[in-house]
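**Q** Okay, handing you the structure first.
The values are calculated or read from the model by the stated rules, or taken from the named source; none is laboratory data. Since this is a predicted model, take the numbers as computed values, not measurements. Every residue, glycine among them, receives a Cβ derived from its backbone with ideal geometry; neighbour counts consider all protein chains shown. Only protein heavy atoms, including side chains, enter the accessible area calculation; ligands, DNA and RNA are left aside. Shrake-Rupley method; radii C 1.70, N 1.55, O 1.52, S 1.80 Å.
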Amino acid sequence: MEDNQTRSYHRTNTERPQVTESGFRTFNAQGQALLGTNPSIHEVLTSDQPLFHEAGVFYCNDSEDSLFVTSNILSLPHGRDIQITRLSRSSTSPLQWTQHRIPPSDVVMANGAVSTPDLKHILFCSQGSKSDVGGLILMSRSPPYATTPLLRTYHGRRFNSVNDVVFARDGSVWFTDPTYGYEQGFRSTPELPPHVYRYDPATDDLRVVADGLAHPNGLCFSPDGETLYVTDTDYIWGDGGTSERRAATIYAYTVKNYHGAPFLTDRRVFAFADRGAPDGIKCDTEGNVYSGCGDGVNVWSPGGSLMLKIQCPYGTANFCFGRPGELFLLSEKSFYVARIGEGVRGDLNVGL
């Protein structure tokens with residue numbers, strides 16, 4: 001299997017760009033309203049390595065204005081690895097950022113991440129390796145970035161390569177587990193199908209909540225907690241190969257309680273990406289759905305109508321909301337800051 005140092009396992013960065021420059025494209029009046037009157041997008045950091053790939057966990061208060069990101073697979077002297085970086089914004093220039101590499105930790109081949117509700121830790125997806133089972137790992141958000149395992153296996157069976165994670169309002173953790181690690185050669189033969197899981201740390205209850213997806217990837221709740229969105233990035237496999245005939249789809253599930261426990265019902269197609277595959281996914285406070293796709297961040301209404309594209313030349317693997325009207329776009333070797341309507345806010349209190 002080839003080395004994917006400069007090829008995202010969600011898109012191939014050696015292919016020609018889908019768009020020629022960054023910018024915006026609206027599809028209806030709702031998209032124009034979302035864009036606001038003075039939109040902008042700036043490439044504020046670049047690298048010769050794909051350092052800006054996944055995670056995207058933002059903190060902003062009187063003393064901190066920073067974003068944690070994970071790289072794509074890097075070829076380093078000690079072998080293939082993934083780096084966690086803390087990006088910090090200047091207090092005097094909003095488009096000036098510095099990079100701080102997080103020291104090596106127990107988060108092996110890190111991917112998606114989310115802040116814990118108490119804002120004290122970041123919960124990372126540790127994809128693992130052939131010698132490390134991976135799982136979900138808590139890391140303190142401040143030096144020395146101490147780590148604590150939260151979940152290692154599914155009742156003794158190794159996860160494939162845990163990919164993305166969200167918290168629900170009841171404190172439970174929902175996450176996806178595709179087979180990209182095996183396809184990229186750093187995990188052993190899968191012991192489980194690709195699943196979506198729910199884990200309740202309070203009761204230690206772990207169960208499968210969705211199957212039938214080829215490569216379950218990003219996930220997020222609607223603001224009211226009644227819908228879970230899950231992306232299937234089967235369009236691209238771990239070896240970098242793509243197929244227009246495979247899923248590049250966002251599915252929506254209804255969250256419904258039975259016997260006091262949440263289940264996912266009524267799976268339906270919410271949207272299909274016309275460029276690349278939808279990867280990271282999030283909602284704003286109005287329930288609009290944003291996803292990183294092959295040409296940037298695409299935005300759909302809660303009813304599934306495409307409203308807006310925030311375009312990047314090589315697409316967007318993941319992204320996150322910043323201050324009101326602000327989005328941070330992770331585009332492998334480039335980091336973008338986009339400004340749209342001032343009223344746009346990320347839904348931070350997602351889940352049940």
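**Q** Out of the residues in the stretch 322-352 that are within 15 Å of the chain's Cα centre (by Cα) and part of a strand (DSSP E or B), which is nearest to Thr37 (Cα to Cα)?
**A** Taking the stretch 322-352 as the starting set, the residues that turn out to be within 15 Å of the chain's Cα centre (by Cα) are 322, 327-332, 335, 346-348, 350.
If we keep only those that are part of a strand (DSSP E or B) as well, we get 327-332, 335, 346.
On the way: Leu327: 16, Phe328: 19, Leu329: 20, Leu330: 24, Ser331: 25, Glu332: 29, Phe335: 23, Gly346: 19 Å.
Looking at the filtered set, the residue picked out is Leu327.
**Q** Return the residues of the stretch 161-184 that are assigned to a loop (DSSP other than H, G, I, E, B), touching a Lys or Arg at 6+ places or on another chain (Cβ under 6 Å) and within 20 Å of Tyr229 (Cβ to Cβ); say none if nothing qualifies.
**A** Scanning the stretch 161-184 gives a single hit, Ser172.
**Q** Follow-up question, since we're still on this one. Which residue pairs have Cβ atoms closer than 9 Å, lie 6 or more positions apart in sequence or on different chains, and pair a first residue in the stretch 251-264 that is over 22 Å from Asn217 (Cα atoms) with a second residue that is part of a strand (DSSP E or B) and open to solvent by 80 Å² or more (accessible area, probe 1.4 Å)?
**A** Asn257/Phe263
**Q** Taking the stretch 46-79, which residues are open to solvent by less than 10 Å² (accessible area, probe 1.4 Å) and among the charged types (D, E, K, R)?
**A** Within the stretch 46-79, just Glu54 meets the criteria.
**Q** Is it fair to say Glu43 is surrounded by fewer than 20 Cβ atoms within 10 Å (Cβ to Cβ), more than 20 Å from Asn318 (Cα to Cα) and either within 16 Å of the chain's Cα centre (by Cα) or charged (D, E, K, R) (or both)?
**A** Details: surrounded by fewer than 20 Cβ atoms within 10 Å (Cβ to Cβ): yes; more than 20 Å from Asn318 (Cα to Cα): no; either within 16 Å of the chain's Cα centre (by Cα) or charged (D, E, K, R) (or both): yes.
No; evaluated as a whole, the condition is false for this residue.
**Q** Taking His100 as the residue in question, decide whether it is more than 21 Å from Arg339 (Cα to Cα), open to solvent by 50 Å² or more (accessible area, probe 1.4 Å) and part of a strand (DSSP E or B).
**A** It is true that His100 is more than 21 Å from Arg339 (Cα to Cα), open to solvent by 50 Å² or more (accessible area, probe 1.4 Å) and part of a strand (DSSP E or B).
**Q** Here are the criteria: (1) open to solvent by less than 70 Å² (accessible area, probe 1.4 Å); (2) assigned to a loop (DSSP other than H, G, I, E, B); (3) without any contact (Cβ under 8 Å) to a residue 40 or more places away in the chain. Tell me which single one Thr92 does not satisfy.
**A** All conditions pass for Thr92, except number (1).
**Q** I want to confirm something. Restricting to the stretch 222-253 and keeping residues that are modelled with pLDDT of 95 or more and of a type in the set (S, T, N, Q), which single residue is surrounded by the most Cβ atoms within 10 Å (Cβ to Cβ)?
**A** Ranking the candidates gives Thr231 first.
**Q** I would also like to ask the following. Would you point out the residue of the stretch 133-144, among those that are surrounded by 17 or more Cβ atoms within 10 Å (Cβ to Cβ) and not aliphatic (A, V, I, L, M), that is modelled with the lowest pLDDT?
**A** Arg141
**Q** Now for a separate question. Could you list, in sequence order, all residues of the stretch 298-321 that are farther than 13 Å from Thr285 by Cα and either of a type in the set (Asp, Glu) or not in a strand (DSSP E or B) (or both)?
**A** Answer for the stretch 298-321, where residues must be farther than 13 Å from Thr285 by Cα and either of a type in the set (Asp, Glu) or not in a strand (DSSP E or B) (or both): Gly303, Gly304, Ser305, Cys312, Pro313, Tyr314, Gly315, Thr316, Ala317.
**Q** List the number of the failed condition for Gly287; all other conditions in (1) of a type outside the set (Phe, Trp, Tyr); (2) in a loop (DSSP other than H, G, I, E, B); (3) buried (at least 24 other Cβ atoms within 10 Å of the Cβ) hold.
**A** That leaves (3) as the condition not met.
**Q** Could we say that Asp295 is open to solvent by 20 Å² or more (accessible area, probe 1.4 Å) and either closer than 25 Å to Ser40 by Cβ or without any contact (Cβ under 8 Å) to a residue 24 or more places away in the chain (or both) here?
**A** Details: open to solvent by 20 Å² or more (accessible area, probe 1.4 Å): no; either closer than 25 Å to Ser40 by Cβ or without any contact (Cβ under 8 Å) to a residue 24 or more places away in the chain (or both): yes.
Considered against the rule, which asks whether it is open to solvent by 20 Å² or more (accessible area, probe 1.4 Å) and either closer than 25 Å to Ser40 by Cβ or without any contact (Cβ under 8 Å) to a residue 24 or more places away in the chain (or both), Asp295 comes out as no.
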